[in-house]
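Just so you know, all these numbers are worked out from the coordinates, no wet-lab data involved. Predicted model, so just to flag it, every value in this text is computed and none were measured. Cβ coordinates were reconstructed from backbone atoms using ideal geometry, including for glycine residues, and neighbour counts include every protein chain displayed.
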Amino acid sequence: VCIFTLVGVANVLDVHIIGSGCVLRSAVIFFYISNEGISIIENAARMGLPVPQKLQDMMHSLKDK
């Protein structure tokens, strides 16, 4: 519910405050999509499923930051 609320607020800000379309809304949506994607990859690796080495390296670099 919170994600939908944040996307809605971002859309309202885009339309009424910024007036440029859907830049902020798209940024919020892409943030949550990438966050969930990383979570899925982490859980797949924990379950022992094969995960490409490039994705594993990316996850380790994100954890180090």
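Got at least one residue in the range 37-45 being small (Gly, Ala, Ser) and either at positive phi or within 14 Å of the chain's Cα centre (by Cα) (or both)? Yes. Once the range 18-30 is narrowed to residues that are touching a helix residue (DSSP H, G or I) at 6+ places or on another chain (Cβ under 9 Å) and in a helix (DSSP H, G or I), the residue that is farthest from Gln56 (Cα to Cα) is Ile18. Ile38 meets all of the listed conditions (1) in contact with a helix residue (DSSP H, G or I) (Cβ under 8 Å, 6 or more places away or on another chain); (2) without any contact (Cβ under 8 Å) to a residue 12 or more places away in the chain but one, namely (2). Residues considered: Ile18, Ile29. Of these, the only one that is more than 17 Å from the chain's Cα centre (by Cα) and surrounded by 11 or more Cβ atoms within 10 Å (Cβ to Cβ) is Ile18.
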